[in-house]
Amino acid sequence: MTTQRRATPNAARRKEASRQAILTAAFELLQEVGYAKLSIEGIAARAGVGKQTIYRWWPSKGAIIFDAFLLLSASEGEPPVLPDTGDLEADLTAVLSATIEELNDPRYDQPMRALATEIAHDPELAAVYAERLDGPLKEAKRHRLRSAQQAGQLAEDLDLDVAVEMIWGPLLNRWLHRSGPLTAEYADRVVATALNGLRPRRSGR
């Protein structure tokens, strides 16, 4: 008579401890040596595990960095929700200001730039990124703009996908290309320009 072997609580804890050690090691090494010099071998040595343990859970160092970034930012779990106070301009300005603080945070800079590089070259990682992080964030942004539409604050025929890109795109572009400072004042100008439009205002009579 045979019996099925189940993972004991201790084995599950050891597995999770190894996973956390790998993510922590990857994040620490990324800060120390940069993404170009980061290697699976180095991560394994720092974490005290074998390379096969890492490859059992992640197909590439880009996938490891993605999970390490999610662990750092607590980006998984409950679906993201944007503030909805009824004041669209104030809500968007607050969200963009928080985004700028994150982009300017040295802890996030290396992981996010490494992810941007890998996503550009790895379709599988790009798909995982879209499913687990970017997609839910975009839906939260669309939801906030849709609420403003329903309140009569935005045009009924507004393309919400394009609107999301117009509002958040300038920040990410400036950060990615280091083309200018990311400040709260810049967030104010982006929101004002997006909401007020590019055409000159007509004077009332």
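Taking only Cα atoms, what is the 0 to 90° angle, nearest 10, from helix 135-150's long axis to the longest principal axis of the chain? Relative to the chain, helix 135-150 is tipped by roughly 20 degrees.
Each of the peptides 21-31, 110-120, 130-140 was scored by the mean count of other Cβ atoms within 10 Å over its residues; in descending order, highest first, they stand as 21-31, 110-120, 130-140. From the Cα gyration tensor of region 110-158, with a ≥ b ≥ c the square roots of its eigenvalues, which class applies: rounded if a/c is under 1.5, or else prolate if a/b is larger than b/c, or else oblate? It is prolate, given that a/c is not under 1.5 and a/b is the larger ratio.
With a simple spin-label model that places each label point 7 Å from the Cα along the Cα-to-Cβ direction, the separation between E32 and E89 comes to 5.0 nm. Rounded, prolate or oblate for region 45-111? Axes are the square roots of the Cα gyration tensor eigenvalues, ordered a ≥ b ≥ c, and the cut-off for rounded is a/c under 1.5. Prolate.
Charge dipole (Cα centre; +1 on Lys/Arg Cβ, -1 on Asp/Glu Cβ; no other charges) of region 33-161 amounts to roughly 840 debye. Of the solvent-accessible surface of the chain, computed with a 1.4 Å probe over protein heavy atoms with every protein chain present, carbon and sulfur atoms account for 52 percent.
Assuming charge only on the beta carbon of Lys and Arg (+1) and of Asp and Glu (-1), the dipole of region 50-123 about its Cα centre is about 740 debye to the nearest 20. Per the Cα gyration tensor, region 93-205 maps to an equivalent ellipsoid with semi-axes of 28, 19, 12 Å, ordered largest to smallest.
Listed by chain and number, the lysines placed with their C-alpha closer than 20 angstrom to that of K51 are K15, K37, K61; residues fewer than eight positions away on the same chain are left out.
In the context of the full set of protein chains, region 94-190 has a per residue accessible area of 57 Å² (1.4 Å probe). Taking 0.36 nm per residue of separation and subtracting the Cα-Cα distance, full extension of the segment from N104 to E165 would add 20.0 nm. Extension gain, A127 to A17, is 36.9 nm, computed as 0.36 nm per intervening residue step minus the present C-alpha separation. Modelled spin-label separation between E185 and D134, with each label point placed 7 Å from Cα along the Cα-to-Cβ direction: 3.2 nm.
The values are calculated or read from the model by the stated rules, or taken from the named source; none is laboratory data. In this text the structure is predicted, and so the values were computed from the model without any measurement. A quick note on method: Cβ atoms are made from the backbone with ideal geometry, for glycine too, and the neighbour counts reach across all protein chains shown. Surface areas here come from the heavy atoms of the whole protein model, side chains and all, with no ligands, DNA or RNA. Shrake-Rupley method; radii C 1.70, N 1.55, O 1.52, S 1.80 Å.
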